[in-house]
1. Considering only protein heavy atoms, what per residue accessible area in square angstrom results for region 1-97 with a 1.4 angstrom probe?
2. Probe of 1.4 angstrom, ligands and nucleic acids ignored: what's the accessible area per residue over region 184-224, in square angstrom?
3. What GluC sites (Glu not before Pro) does region 243-312 have in DSSP loop regions with at most 12 other beta carbons within 10 Å?
4. Can you work out ³J(HN,Hα) from phi for every residue in region 200-210, in order, using Karplus 6.51 cos²θ - 1.76 cosθ + 1.60 and θ = phi - 60°, giving whole Hz and x for Gly and Pro?
5. Measure off, as a whole percent, the carbon and sulfur share of the 1.4 Å-probe accessible area of the chain, all protein chains present.
6. Please give me the summed charge of the neighbours of TYR128: other residues whose Cβ is under 9 Å from its Cβ, Lys and Arg +1, Asp and Glu -1.
7. Sort out for me the Cα centre separation of region 52-103 from region 190-223, rounded to whole Å.
8. Calculate for the chain the 222 nm mean residue ellipticity that helices alone would give, adding -39,500 (n - 2.57) per DSSP H run of length 4 or more and normalising by residue count, nearest 500 deg cm²/dmol.
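The values are calculated or read from the model by the stated rules, or taken from the named source; none is laboratory data. Remember, predicted model here, so these are calculated numbers, not experimental data. We place every Cβ from the backbone using ideal geometry, glycine too, and count neighbours over all the protein chains shown. To get the accessible areas, we keep the full protein, side chains included, count just its heavy atoms, and leave off ligands, DNA and RNA. Shrake-Rupley method; radii C 1.70, N 1.55, O 1.52, S 1.80 Å.
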Amino acid sequence: MTAQKNFQHDTTYYETFPQKTTVRLYLSKKYVHLNFPSGGNNEDLEYEANPKLNLGAGITIKNISINLFNGFSFLNKNSDEKGKTKGFNFQVHLYPRKWAIDLLYVSPKGYHLEPQGMAGASADKYYYREDVKTTFFGISAYQVPNKKRFSYRAALLQTEWQKRSAGSIIYGGEIHHGTVQGDSAIVPASLSSKYPQRGINKINVLSFGPGAGYAYTLVIGQHFFITGSMVINLDLNFIREEDEVRKEKNVSLNPSDVFKAALGYNGRKWNISANWAGSALSMQGSLTPENYVFSSGNVRIVVAHKFDRHKK
């Protein structure tokens, strides 16, 4: 804590506001996608969760943030047309001064196939599987060497103000573990002859490895900004595909990515912006030379205001 309090940054590049309280109102939508490769000329299977659009409010005092949100019915009038997704989706993005840290725990149940008309569904309907569920958890952590001139918080937390363009290399690593399973084969019966994973009803994965990348904020006229951040990891992946009689195992070395993006207006009092944080794990199974891809993320539109805290 002492090092954090005594941290000195270049105030010509960005400003901090330790005596202000940031209050925000936002719309957000989280997502989880599962891509199953066909291993041939057929289209990959694209399973997607169907999360709600949430309206939220939050407050940040010093380095502590609290956000509350709800998927109100007036924002999700037609959400059931793709089927319901239940479960837990916990995605936290932390930005201590020297680090960018992402924590993930997702356990949605209920997926549909994109696009409409797949797997015997009518042309205007989605094939829906209430029983398909996933559980993924993991952490990624990356150092930010140019912390004195570049601020993730300005772009993604609305608590600081990046006044001049700056960037930083970033490096670190990640580890994730997860399962995908259904009560029956994950590949629909009507498509089973076209996919090498036919009959498989459970997939276990463990993935870890180092990564490096770059983050940059372009500032126009001190207030308008565009931020992009991308890390490419080289992960060692262990995967097991199962049915009632088989347990097919494979080990592979594949790239994965962790990315963040934001754009909008920022200043001493107001922040109006949109941001996107996400990741994609890619790994090869034993049944096809092409890769499974498991992706998740969060898209937000934010209006935030920084208020002075009155001293007693």
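1. About 60 Å² of surface per residue is accessible.
2. Values: 1910 Å² over 41 residues.
Dividing the accessible area of region 184-224 by its residue count gives 47 Å².
3. GLU244
4. These are the phi-based 3J(HN,Hα) values: 5, 10, 7, 10, 10, 9, 9, 9, 7, x, x Hz.
5. Values: 9110 of 15650 Å².
With neighbouring chains kept in place, the figure for the chain is 58 percent.
6. Details: positive: LYS82, LYS84, LYS125, ARG129; negative: GLU130.
Value of the local net charge: +3.
7. 20
8. On the way: 2 runs with 9 residues, N = 312.
It lands at -500 deg cm²/dmol.
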